[in-house]
Amino acid sequence: QYPHQLSGGMRQRVLIAIAIAGQPDLLIADEPTSALDATVQKRILDHLEHLATSRGIAILLVTHDLAVAAERTERMIVMHQGRIVESGSTANILADPADDYTKRLLTAAPGLHDSSRAPVPLDAATPVLVRVTDLSREFTVPGGRGARKQGIQAVDGVSFDLARGETLALVGESGSGKSTTAKLVLGLDRPTSGTVEFEGTDITGLKREAWRQLRRRAQLVYQNPYASLDPRFSIEELVTEPLDAFSLGTRAERR
């Protein structure tokens, strides 16, 4: 396989393999697990920690993730606008930060301060915007013929409600069906079975023009910004494209 055929997480794994293959004395790990699932991230960080211990490799971990730094480093340097604003043992900085910027970082880090908490659930009477019922999607594995064709159940009987003003998290590892479910809800793929309702209307089998009208009300923020923007378009053309598609405002107003 070639790099363009791999996901971001797989390419991250290849970069890590390249870096440790030559058994270096120093490993500078620049956000080494940013594209990886939490469980894979743990395995990679465990492996790097094992290398550091067993082979005496020094690791400089560059990260914006304070939770990773708190768990994996003995010493920490905090940088802001090109300068070191605080340095010392990780335990001491986390327990008693001296610099205001470090304090702001810790306050913003989920799980590292007492004030972190989940939002209060919405009232049960809040109107349901999206209702997903027994949604399933099966893909056929290439190569088989006739009865020998094999299928992969990417989504299997998924049901949930999403109320107006609510945020719902689909959580799981790569390959667990999260993105496929999102595509099915948006009509970017058709389910093998099950239904999706938007404000009480079944949209599973909507035709082209009906979907076009719904597009303005249901949009997607893509997972990979590096491959999602058309390189032939300027930023202005990209941002105004949905406004052009629905003839919103004048040309001057869109610009």
Quiz item: Which is farthest toward the positive dipole end of the range 40-199 among H64, T181, Q81, measuring Cα position about the Cα centre, with Cβ charges +1 (Lys, Arg) and -1 (Asp, Glu)?
Solution: T181
Quiz prompt | Inter-label distance, nm, simple model (7 Å from Cα along the C-beta direction), V221/T250 | solution = 3.3
Exercise. Give me the accessible area per residue for the chain, probe 1.4 Å, as a whole number in Å².
Key: 72
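If exposed means no more than 14 neighbouring beta carbons inside 10 Å and the site is in a DSSP loop, what's the longest run of the chain without any exposed GluC sites (Glu not before Pro)? The partial results should precede the final answer.
Numbers: sites that count: E74, E166, E173, E199.
The reported range is 75-165.
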Exercise. In whole Å, largest first, what are the principal axis extents of the Cα atoms in the chain?
Key: 61, 52, 44
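Treating only the Cβ of Lys, Arg, Asp and Glu as charged (+1, +1, -1, -1), what charge dipole size does the chain show about its Cα centre? Round to the nearest 20 debye. Present the calculation step by step, with values, prior to reporting the outcome.
Numbers: 30 positive and 32 negative charges, 216 e Å.
So the magnitude is around 1040 debye.
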Quiz item: Want the number for D230 to R11: 0.36 nm per residue separation, take away the alpha-carbon distance, what's left?
Solution: 76.7 nm
Practice problem: Run the accessible area of the chain with a 1.4 Å probe and give the carbon-and-sulfur part as a rounded percent. | Solution: 53
Quiz prompt | Residues of the range 165-190 with amide N under 15 Å of the 7 Å Cα→Cβ point at Q153 | solution = 176-177
Exercise. Report, in order of residue number, the helices in the chain meeting two criteria: a C-alpha extent of 30 Å or more along the helix axis, and a mean Kyte-Doolittle hydropathy of at least -0.5; treat each whole DSSP H run as one helix.
Key: none
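The values are calculated or read from the model by the stated rules, or taken from the named source; none is laboratory data. Note that the structure is predicted; figures quoted are calculated from it, not measured. Every residue, glycine as well, gets a Cβ built from its backbone with ideal geometry; the counts of neighbours run over all protein chains shown. What goes into the accessible areas is simple: the full protein's heavy atoms, side chains included, and nothing from ligands, DNA or RNA. Shrake-Rupley method; radii C 1.70, N 1.55, O 1.52, S 1.80 Å.
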